[in-house]
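Trainee: Would you mind keeping the following structure in view while I ask a few things?
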Amino acid sequence: MESRPTKYIFITGGVVSSIGKGLTTACIGALLEARGLKATAVKLDPYINVDPGTMSPFQHGEVFVTDDGGETDLDLGHYERFMGTRMSKLNNFTSGKVYETVIANERRGDYLGGTVQVIPHITDEIKRRIKLAAEGFDICLVEVGGTVGDIESLPFLEAIRQMRADVGAQNTVYVHVTLVPHIATAHEFKTKPTQHSIKEITGYGIVPSIIICRSEKPLDEKLKNKISLFCNVSQNCVINAPDVKTIYELPMVLHTEGLDQRIAELLNIWTGAPKLDAWSRIATSLTDKNRETVTIAMVGKYVDLTESYKSLSEALIHSGVANNCKIKIVYVDSEAIESNDAEQTIRAANNGAMVDAILIPGGFGVRGSEGKIAAARYAREKKVPFFGICLGLQIATIEYARNIGGITDATSREFTPESSCAVIDIMESQKSVEQKGGSMRLGAYPCALKDGSKAREIYGKALISERHRHRFEVNNEFRAKLEAAGLIFSGTSPDDTLAEMIELRDHPWFIGVQFHPEFQSNPRTPHPLFKSFVAAALASRLSDEGLTKKVEKHTSTQKAKGTAPLSSDKAATEATTGN
Ligand code: GLN
């Protein structure tokens, strides 16, 4: 039987950047999956860098890592958090990558001496890559990065324009996301920027059938009708996406506006009503005002750029849903701890109050490392729940080696290249790799969990798979010594050559992981480690002296909801057992 052709939804953006094109794309994917369709998404990035791997987090935000080791745009993180489909290297490419392929083809002589041009060579390569990512799917969402009018996105727009003729009008729909600003002095929303944006994109031969209007507040019918009239789209195809309290409300908002229904009609797809119970439950939970707040200190270097910890902060939010609590993240600059006491610095960042848990996220470079080591020591000694992720595991290992293991000069090869006490070191097999970005351990690796460990209990299984992005590893030469000093290596590569997880006995919650569990968390299935960590933070908050009242309050709400009260130990265990 011949398979059905893939249908394409092209998403472009106008007026300004950062209006949530990525989220909109992810939500359309979620809505169509909820209708039983098999959907995937591709992000086209117009910049020249070959991949986002070597770009500064200050400029680019987080690098999202896929199972197959792709270092991709953070929008793929949105796709995975909203959709069931797992992304791969195929789902994100840049102009740099496209040109790299075309130039390599030309050098090999593939074009037989012909003149190599943007049209058709670059546009053909863009279309080839889109079609490759779409293979086997009912729907492929294609998000074009940048804003209409940017010089660098022109080849991408031309490619998606051509695709309508290639795959048929009945198999394509163009969605344009714009901003409808509110002018306070005039007490009015303004549609003119949207009109101009539509005029611009129409000039490239792309005629949007759906306009998604982002706005601060809901738009009334009159405004929608005006946009419909001036922008040449049906009235019911002007979809309003006003600001929401949490991004996880968005699937329901867009569905209520009729977005998935319109898309189904335009693409001539027959499906039943979407199953949206999970999204509605998540939205209700995240907007529940009666939840207890758990405060988590995130001690890192890029504290002023929270976008670089996007998956991490989202993973904490997902675990808040699972634990019925609100998450407050306090970003603490680790360099500030270097000239101050850890507790004082954390308190200063949190209006004088202590936090319920400490997290050290992934990171690179020596800057601020001593401050992170001090934070890990504080968490260990004061029995504050502690989660060390990637660099965070390395920091916790160094701290333990120095203060318990008797290796007083313990460090990482990354911080002190000449050290003879590098408890964190580069792997032999990676030493020869020269190319930037080439020496990293990237993507999913299996990890075996030790029987009887907390890690084993939390995951509820013996073999897991998690995603990595780092160069350095725990140095096996020091493993026996650290183990003898009490550090538990609760997760290792199945052949035991790489330490992947550490934990401590006699501590409410102290776990370090060499991988990035945040990449696999989503609101419908929060990651077990984050769920357990947040439960431990909540338990430590509720068991704090002077908070007895709050414990009572929390217990009675839990009882009213028919769930068991959370006591410190139980909270951690409960969090391991599904959602
Ligand atoms: N800088 C460390 C390494 O390369 C940790 C990287 C990370 O946290 N992602 O090994």
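The values are calculated or read from the model by the stated rules, or taken from the named source; none is laboratory data. Owing to the predicted nature of the structure, the values given are computational and were not obtained by experimental measurement. Here Cβ is always computed from backbone atoms with ideal geometry, including for glycine, and neighbour counts include all displayed protein chains. Heavy atoms of the whole protein, side chains included, go into the accessibility calculation; ligands, DNA and RNA do not. Shrake-Rupley method; radii C 1.70, N 1.55, O 1.52, S 1.80 Å.
Trainee: Going through segment 242-327, which trypsin sites (Lys or Arg not before Pro) have at most 16 other Cβ atoms within 10 Å and a DSSP loop state?
Mentor: Lys245, Lys275, Lys289
Trainee: How many lysine pairs does segment 103-239 hold where the Cα atoms are under 29 Å apart and the two sit 8 or more places apart or on different chains?
Mentor: Step by step, the pairs that qualify in segment 103-239 add up to 16.
Trainee: Please work out how many pairs of lysine residues in segment 262-353 are eight or more positions apart (or on different chains) and have Cα atoms closer than 19 angstrom.
Mentor: Close lysine pairs found across segment 262-353: 6.
Trainee: May I ask which residue of Val148, Ala444, Gln59 lies farthest towards the positive end of the charge dipole of the chain, with charges of +1 (Lys, Arg) and -1 (Asp, Glu) on Cβ and the Cα centre as origin?
Mentor: The residue sitting most towards the positive pole is Val148.
Trainee: Asn476 versus Gln195, label points 7 Å from Cα toward the beta carbon: distance in nm?
Mentor: 7.0 nm
Trainee: Same structure, new question: Pick out, from Val534, Thr94, Ile358, the residue whose Cα sits farthest towards the positive end of the charge dipole of the chain, with +1 on the Cβ of Lys and Arg and -1 on the Cβ of Asp and Glu.
Mentor: Going by the charge dipole, the pick is Val534.
Trainee: What is the distance, in nm, between label points placed 7 Å from the Cα along the Cα-to-Cβ direction at Lys245 and at Asp150?
Mentor: Using points 7 Å along Cα→Cβ, the separation is 3.3 nm.
Trainee: While we're here: What is the Cα coordinate range of segment 431-523 on the first, second and third principal axes, sorted by size from largest, in whole angstrom?
Mentor: Sorted from largest, the Cα extents of segment 431-523 read 43, 39, 22 Å.
Trainee: Quote the FRET efficiency, to the nearest 0.05, computed for Lys383 versus Glu428 with a Förster distance R0 of 35 Å and r equal to the Cβ-Cβ distance.
Mentor: Given R0 = 35 Å and the Cβ-Cβ separation, E is 0.40.
Trainee: Moving on. Less than 17 Å from a label point 7 Å out along the Cα-to-Cβ axis of Arg128: which backbone N atoms in segment 140-171 qualify, by residue?
Mentor: In segment 140-171, the label zone of Arg128 (backbone N under 17 Å from the point 7 Å along Cα→Cβ) covers 156, 159-160, 163.
Trainee: What is the magnitude of the charge dipole of segment 393-514 about its Cα centre, with +1 placed on the Cβ of each Lys and Arg, -1 on the Cβ of each Asp and Glu, and no other charges, expressed in debye to the nearest 20?
Mentor: Magnitude of the dipole: close to 300 debye.
Trainee: May I ask you to derive the FRET efficiency for Asn232 and Asp110 from their Cβ-Cβ distance with R0 = 51 Å, giving the value to the nearest 0.05?
Mentor: 0.80
Trainee: Quick one: grab Rg to one decimal and Dmax as a whole number for the chain, Cα atoms only, in Å.
Mentor: Cα only, the chain: 25.4, 80 Å (Rg, Dmax).
Trainee: With θ set to phi - 60°, apply the Karplus curve 6.51 cos²θ - 1.76 cosθ + 1.60 along segment 531-537 and write out the HN-Hα couplings as whole Hz, x wherever there is a Gly or Pro.
Mentor: Ordered by residue, 3J(HN,Hα) equals 4, 5, 5, 5, 4, 5, 5 Hz.
Trainee: Let me ask you something else. Quick one: accessible surface of Ile327, probe radius 1.4 Å, all protein chains present, in square angstrom to the nearest 10.
Mentor: 40 Å²
Trainee: About its Cα centre, how strong a charge dipole does segment 1-141 have in debye, to the nearest 20, once Lys and Arg get +1 and Asp and Glu get -1 at the Cβ?
Mentor: About 380 debye.
Trainee: What does the charge dipole of the chain about its Cα centre add up to, to the nearest 20 debye, if the Cβ of each Lys and Arg holds +1 and the Cβ of each Asp and Glu holds -1?
Mentor: Value, rounded to 20: 1500 debye.
Trainee: Alpha carbons only, please: Rg and Dmax for segment 174-279, in angstrom.
Mentor: Looking at segment 174-279, its Cα Rg and Dmax stand at 14.4, 46 Å.
Trainee: How large is ³J(HN,Hα) for each residue in segment 254-271, as worked out from phi by the Karplus curve 6.51 cos²θ - 1.76 cosθ + 1.60 (θ = phi - 60°), to whole Hz, x for Gly and Pro?
Mentor: 5, 5, 4, 6, x, 4, 5, 5, 4, 4, 4, 5, 5, 8, 6, 10, 9, 9
Trainee: Report the label-to-label distance for Glu100 and Ala165 in nanometres (one decimal), using points 7 Å from each Cα along the Cα→Cβ vector.
Mentor: Label-label distance for Glu100 and Ala165, simple model: 3.1 nm.
Trainee: Between Ala273 and Asn290, what length comes free when the chain is fully extended (0.36 nm per residue of separation minus the Cα-Cα distance, one decimal in nm)?
Mentor: The Ala273-Asn290 span can extend by a further 2.9 nm.
Trainee: Would you mind checking the tilt of helix 277-286 against the longest principal axis of the Cα atoms of the chain, expressed as 0 to 90 degrees and rounded to 10?
Mentor: In the chain, helix 277-286 runs at an angle near 60 degrees to the longest axis.
Trainee: Could you give the alpha-carbon Rg of segment 272-373 over 2.2 N^0.38 Å, rounded to two decimals?
Mentor: Dividing the Cα radius of gyration by 2.2 N^0.38 Å gives 1.28.
Trainee: So what's the back-of-envelope 222 nm ellipticity for the chain, counting only DSSP H runs of four-plus at -39500 (n - 2.57) apiece and dividing by all residues, rounded to 500?
Mentor: Rounded to the nearest 500, the figure is -11000 deg cm²/dmol.
Trainee: Here's something else I'd like to know. For Ile488, list long-range residues whose amide hydrogen, built 1.01 Å from N in the peptide plane, is under 5 Å from its own amide hydrogen.
Mentor: Amide H neighbours of Ile488, under 5 Å, 5+ apart: Glu503, Arg505.
Trainee: As an exercise, use a Förster radius of 60 Å and the Cβ-Cβ distance of Asp495 and Thr202 to find the FRET efficiency, rounded to the nearest 0.05.
Mentor: Efficiency for this residue pair is about 0.55.
Trainee: Work out from phi, with θ = phi - 60° and the Karplus expression 6.51 cos²θ - 1.76 cosθ + 1.60, the ³J(HN,Hα) of each residue of segment 230-241, listed in order in whole Hz, and give x for Gly and Pro.
Mentor: 3J(HN,Hα) across segment 230-241, in whole Hz: 7, 10, 6, 10, 4, 4, 7, 9, 8, 9, 9, 10.
Trainee: Still on this structure, please answer the following. Mean 1/r over all different Cα pairs, inverted: what Kirkwood radius does segment 37-176 give, in Å?
Mentor: When all Cα pairs of segment 37-176 are included, the Kirkwood radius is 15.8 Å.
Trainee: For segment 335-387, run through the trypsin sites (Lys or Arg not before Pro) and keep only the ones in DSSP coil with at most 16 other Cβ atoms within 10 Å of their Cβ.
Mentor: Hits after loop and neighbour filter: Arg367, Lys383.
Trainee: With a 10 Å radius around each residue's Cβ, average the other Cβ atoms per peptide and rank 18-31, 348-361, highest first.
Mentor: 18-31, 348-361
Trainee: Now, a different point. Fully extended, how many nm does the chain gain between Ile183 and Ile404 (0.36 nm per residue separation, minus their Cα-Cα distance)?
Mentor: 73.5 nm
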